[in-house]
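Below: one structure, written as structure tokens.
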Amino acid sequence: MAQRKTIALVIFALVLASLAYWWFAGRGPAVETTAYTESFDAPGTWTVGDDPNASASVHDGVYELFVELTGDVFWGSAGRNFADGVYEVEATPLEGAINNGYGLLFRINNEDKNFYMFKVSSDGYVWIGRCRNNCAEAEALVEQDWFASAAVAQGLGTTNHLRVIAGGPEMAFFVNDTEVGRATDDTLPSGDVGLIAETFTPEGLRVAFDNFKFTPD
């Protein structure tokens, strides 16, 4: 499992380089200090659109990401700027292989394409780390790579609640209210937020996200 996903991260980095147009240009707005909630009843500022093998859309009260090809990755961002506080979202894989990845990006630097990434898989794994240069460099900050966690609700059609508590360089990560890791890193103090889906097998992946929240510290 871990070996397959390590190989996929290399593909992931290559694909990310071809998706730069999905990012908002520049450093974005000033850091927001008020609570933010998005129930996706309308697109708002979140990225929507598609290419031949992937799409990001808002419909039926969810933000949906679809990726089709093996080793493919797709994400959308909110075009906002947050720092310390609690980030959380509900994520439900709807169809595809259970050997997948989906989750939350935060403190995205849209100019340098650096960000923190918190992902789970439908077969019960977690990845927590930092990406640099569109993930040409991806460094796990908890464990060495993907790691198994009983906190992850497995299978398709099951919802996982992802939550990050970030205060300065200190970060704590939770899946379904169970802590799955802590990390200390001062590389990225603030930035945009995003949602991501990625595949490792030919079956593709469709994920629905709902109730994104940011609560400032």
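Is it the case that region 177-189 has a residue that's in contact with a His (Cβ under 9 Å, 6 or more places away or on another chain), surrounded by fewer than 21 Cβ atoms within 10 Å (Cβ to Cβ) and over 29 Å from residue 53 (Cβ atoms)?
Yes.
Could you give every pair whose Cβ atoms fall below 6 Å, whose first residue belongs to region 33-54 and is exposed (fewer than 14 other Cβ atoms within 10 Å of the Cβ), and whose second residue is of a type in the set (Lys, Arg), counting only separations of at least 6 or pairs across chains?
37/213
Mind checking which strands (runs of 3 or more DSSP E) fall wholly inside region 66-147 and carry at least 3 residues that are among the charged types (D, E, K, R)?
Output list reads 85-96.
If I filter region 128-148 for residues that are out of contact with any strand residue (DSSP E or B) (no Cβ under 8 Å at 6 or more places or on another chain), within 25 Å of residue 189 (Cβ to Cβ) and of a type in the set (Gly, Ala, Ser), do I get at least one hit?
Yes, some residue in region 128-148 is out of contact with any strand residue (DSSP E or B) (no Cβ under 8 Å at 6 or more places or on another chain), within 25 Å of residue 189 (Cβ to Cβ) and of a type in the set (Gly, Ala, Ser).
Could you grab me the full set of residues in region 164-176 that are within 16 Å of residue 120 (Cα to Cα) and surrounded by fewer than 20 Cβ atoms within 10 Å (Cβ to Cβ)?
Across region 164-176, the qualifying residues are 172, 174, 176.
If you scan region 102-146, which residues turn out to be surrounded by fewer than 18 Cβ atoms within 10 Å (Cβ to Cβ) and either within 15 Å of residue 171 (Cα to Cα) or of a type in the set (Asp, Glu) (or both)?
111, 112, 123, 137, 139, 142, 143, 145
Residue 79 fails exactly one of the following numbered conditions: (1) of a type outside the set (S, T, N, Q); (2) at negative phi; (3) touching a Phe, Trp or Tyr at 6+ places or on another chain (Cβ under 8 Å). What is the number of that condition?
It fails just one condition, (2).
Taking into account only those residues within region 55-101 that are touching an Asp or Glu at 6+ places or on another chain (Cβ under 7 Å) and of a type in the set (Val, Ile, Thr), which is surrounded by the most Cβ atoms within 10 Å (Cβ to Cβ)?
Here the answer is 67.
Is it the case that region 148-165 has a residue that's hydrophobic (A, V, I, L, M, F, W, C), under 14 Å from residue 90 (Cα atoms) and touching a Leu at 6+ places or on another chain (Cβ under 6 Å)?
Yes, that holds for at least one residue.
Which is within 15 Å of the chain's Cα centre (by Cα) and closer than 28 Å to residue 34 by Cβ, of 163, 206, 182?
The conditions single out 163.
Rule-based calculations on the coordinates, nothing more; no lab input. Nothing here was measured: the structure is a model prediction, and the numbers come from that model. We place every Cβ from the backbone using ideal geometry, glycine too, and count neighbours over all the protein chains shown.
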